[in-house]
Amino acid sequence: NKPPTIPLLGQKYPTDSSTNITSAITDKLARNLYLEPAHPLGILRSVVERHFSDFTALSGWSPLVTPSKNFDDLGFPEDHPGRALTDSYYINRDLMLRTHTSAHEVEVFSRGERRWLLSADVYRRDEIDASHYPVFHQMEGARVFPATPAGMAEVEEDNARLTAHLERSNIVIEDVPHISATNPPQPTHDLRHAELVALNLKLSLNSLMLSLFGGRTGTSGEPLRVRWIEAYFPFTTPSFEVEVFFHGKWLEILGCGVVQQQTLNRANVPDNISWAFGLGLERIAMILFSIPDIRLFWSKDPRFLTQFAAGEITTFKPYSKYPPCYKDVSFWVPDTGLHDNDVFDLVRDTVGDLAEDVKMIDTFTHPKSHRTSRCYRINYRSMDRSLSNEETNDLNAAVVSRLAEAFGVEIR
Ligand code: PHE
């Protein structure tokens, strides 16, 4: 019962057996929240762009990409879980919604950009709660140096400048080696080049963390604490994650590393060496603006939207929350199985943002029939009004009938 084509961003695309994009998602494609100057995501984008003032700031790129761009060009293995229909949104077998801004690395490098930022909406099938939403925003950043003595002199000069700046600042950094046995250099790289570029990456991002979080750590005089951790990404090595200590907790802020040489070769800029990072805008905006629920970014309520002004990081003042209403849905899982993400997407597609969260609260297998039963608890709550029990029952009834229809589950 799929239509033969679906309209997206003013064009029609053929569907096939891979099509799993839902209307709750297609409705978001044209929102471009991160481009609104007085929206928290737009404000944060401009703050980062101001910090990297000599970088080219790119935006407005279509979220529709080929799986090759999103995965193959970056060296993702054939069996990487991110490729699965249960984890990513496909328009059809050959077209998907980008899962990260790294999908555009090859294209931007091939344009000859040597210092660039690219902000965009990205899409991942995921659970539903206060900090997970299937649409979010990332900013990719990269800097390219010639892999030559002159190029390395440029890195050293920049490293000296950034080191001096950080030494004058109230920041404490827990570091890891630039390169180690578990975070290896690339075989084609001169070891000294890789070390210098990894150091430049760390200094550049420590300086960004100071711009974003410095002076906001609460008790004045307390230093900003930044922690570097070894990481793994298919398209960088060495790779790192950055965490910041904020309101008593370590928060994961971004992933980064030295770009795999095959990316630069594919982009026709061999003989260069680059670093890249990708940061999640919602994560950081929730911290900086004290926004307690990720769904608020999508709110059209003036009580949310009028609290923010272009260029300013201010503290969100929550307005009264309406009461939640829990409904449980129990059913027998069909023998063919059923992925949690399929349940989450169906709920979202049926009731939109009125589902605050969905959790599987119970499962059991009948000892004789060997059939498996699952119970999901759906928490209905509107961000802008009170839902009546009657309305919530109607919403839940719609979810139940669509579950039966779409997956053949037997409601208990
Ligand atoms: N694309 C990665 C992610 O979404 C982040 C990343 C970007 C890591 C660039 C390294 C370099 O998790």
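Please go through the stretch 45-67 and pick out each residue that is among the hydroxyl-bearing types (Ser, Thr, Tyr) and touching an Asp or Glu at 6+ places or on another chain (Cβ under 9 Å).
Taking the stretch 45-67 as the starting set, the residues that turn out to be among the hydroxyl-bearing types (Ser, Thr, Tyr) are 46, 53, 56, 59, 62, 66.
Answer for the stretch 45-67, where residues must be among the hydroxyl-bearing types (Ser, Thr, Tyr) and touching an Asp or Glu at 6+ places or on another chain (Cβ under 9 Å): THR56, THR66.
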In the set VAL135, VAL65, the lone residue that is at pLDDT 95 or above, within 15 Å of the ligand (Cβ to nearest atom), out of contact with any Phe, Trp or Tyr (no Cβ under 8 Å at 6 or more places or on another chain) and not aromatic (Phe, Trp, Tyr) is VAL65
Only unsatisfied item for VAL258, checking (1) touching a helix residue (DSSP H, G or I) at 6+ places or on another chain (Cβ under 6 Å); (2) away from the ligand (no atom under 15 Å from the Cβ); (3) at negative phi; (4) at pLDDT 95 or above, is (2)
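Name the residue that is nearest to the ligand (Cβ to nearest atom), counting only residues in the stretch 261-300 that are assigned to a strand (DSSP E or B) and surrounded by fewer than 20 Cβ atoms within 10 Å (Cβ to Cβ). Talk me through it step by step, then tell me what you get.
Within the stretch 261-300, the first condition is being assigned to a strand (DSSP E or B), and the residues that meet it are 272-280.
Narrowing further to those that are surrounded by fewer than 20 Cβ atoms within 10 Å (Cβ to Cβ): 272, 280.
Working: ASN272: 16, GLY280: 8 Å.
That would be GLY280.
Going through the stretch 79-113 one residue at a time, which ones are touching a residue at least 12 places away in the same chain (Cβ under 8 Å), among the hydrophobic types (A, V, I, L, M, F, W, C) and away from the ligand (no atom under 15 Å from the Cβ)?
Here is the first cut: in the stretch 79-113, the residues touching a residue at least 12 places away in the same chain (Cβ under 8 Å) are 80, 82-83, 85-110, 112-113.
Remaining after also requiring among the hydrophobic types (A, V, I, L, M, F, W, C): 85, 91, 95-97, 103, 106, 108-109.
Matches in the stretch 79-113: LEU85, ILE91, LEU95.
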Conditions (1) closer than 25 Å to ILE294 by Cα; (2) assigned to a loop (DSSP other than H, G, I, E, B); (3) touching a Leu at 6+ places or on another chain (Cβ under 9 Å) -> LYS28 fails only (3)
Of SER119, SER46, SER59, the only residue that is within 30 Å of PRO292 (Cβ to Cβ), modelled with pLDDT of 95 or more, within 15 Å of the ligand (Cβ to nearest atom) and in the same structural domain as GLY278 (by TED's automatic domain parsing) is SER119
Of the conditions (1) under 26 Å from the mean Cα position of the chain (by Cα); (2) away from the ligand (no atom under 16 Å from the Cβ), the single one that GLU154 does not satisfy is (1)
Filtering the stretch 1-34 down to residues that are aliphatic (A, V, I, L, M) and either in the same structural domain as PHE344 (by TED's automatic domain parsing) or touching a residue at least 60 places away in the same chain (Cβ under 8 Å) (or both) yields ILE6, LEU8, ILE21, ALA24, ILE25, LEU29, LEU33
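The values are calculated or read from the model by the stated rules, or taken from the named source; none is laboratory data. Bear in mind that the values here come from a model prediction, so they are computed numbers and not experimental data. Because the Cβ atoms are built from the backbone with ideal geometry, glycine has one as well, and the counts that use them run over all protein chains shown.
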